[in-house]
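Participant: There's a structure below that I have some questions on.
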Amino acid sequence: MPELSRDDARDKREAIIESARTLFAEQGYEETTIAEIARAAGVAVGTVYLYFQNKRQILIEVSITINTAIAPLMQSPELLNVPIRQIPRLLIEETFRTCRRYIGVMSLYQVNVPSPEEVSRLQLAKEEVNQALEALLRQMVEHGQLPPFDTVMYARMINGLVESVLQRCFAVEHGEHEDLYREGLIELIERLFFGPPIQGEAGQVTRSENDTR
């Protein structure tokens, strides 16, 4: 039997993951069998086991694909040519569009009771998003678009916030209030970087007013 080229192997593996994602979304994880995944991917059952030990391992990879789909959004060199105040909306809207495509499996995004190995795989995928966001923020600082700040910590906190909002929006509420979550998240991130601060808005007590009392 001829050995598969690296590209052929990658294509088969990706076909298995994509077929599993579709089937998990359509009929549920528990109801989906390895044989069904193989048939949908156009490969033999034995081929599936060449890449994955069991269905649980495929589930982990399906969860990871959500992160790997989001990270490239922040790696486009064209972003530095976009007016900086448009970037939060551009990235958040595209992230929501990406997750909407995965809405059927968003409940699988946080896998229940993962093993230490699974935790490590999921953390590596999240770190890919952290690094992509940190690199974008750092480039903005280097180009003088933003003042210096701790880009590593901000990237982690923003990614954690976005991840929580996406999980709530798509996994818990199944996208029912997507517009509210998307616009609220955009507004919060825009305020973080560009203001105005909530404290200084009309009807709020400003620091100077408070100091005179």
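Participant: What is the helix-to-structure angle for 151-166, meaning the angle in degrees between its Cα long axis and the longest Cα principal axis of the chain, kept from 0 to 90 and rounded to the nearest 10?
Facilitator: Roughly 70 degrees, rounded to the nearest 10.
Participant: Follow-up question, since we're still on this one. May I ask you to work out the translational diffusion coefficient for the range 1-52 at 4 °C, viscosity 1.567 mPa s, via Stokes-Einstein with Rh from the Kirkwood sum over Cα pairs, reported in whole µm²/s?
Facilitator: Answer, rounded: 116 µm²/s.
Participant: So, with +1 on the Cβ of K and R and -1 on the Cβ of D and E, and no other charges, what is the size of the charge dipole of the chain about its Cα centre, to the nearest 20 debye? Please report the intermediate quantities before stating the final value.
Facilitator: Working: 22 positive and 32 negative charges, 33 e Å.
It works out to roughly 160 debye.
Participant: Would you work out the relative contact order for the chain, in percent, from Cα pairs under 8 angstrom that are 6 or more residues apart?
Facilitator: 20
Participant: Residue separation times 0.36 nm, minus the C-alpha to C-alpha distance between His143 and Ser76: what's the value?
Facilitator: 22.6 nm
Participant: Hey, another quick one. Report the relative contact order of the range 1-85, percent, no decimals, based on alpha-carbon pairs under 8 angstrom and at least 6 residues apart.
Facilitator: Result for the range 1-85 is 27 percent.
Participant: Still on this model: Treating only the Cα positions of the range 99-150 as identical point scatterers, give the base-10 log of I(q)/I(0) from the Debye formula at each q in 0.13, 0.20 Å⁻¹.
Facilitator: -0.52, -0.80
Participant: Return, for the Cα atoms of the chain, the radius of gyration and Dmax in Å, separated by a comma.
Facilitator: Expressed in Å, the Cα Rg and Dmax of the chain come to 21.0, 84.
Participant: Right, another one. Using only Cα atoms and rounding to the nearest 10 degrees, what angle (0 to 90) does helix 55-70 make with the longest principal axis of the chain?
Facilitator: Tilt of helix 55-70: around 40 degrees.
Coordinate-derived values only; no laboratory data. On a predicted model such as this, the values are computed, not experimentally measured, just so you know. Neighbour counts run over all protein chains shown; Cβ positions are idealised from the backbone, glycine included.
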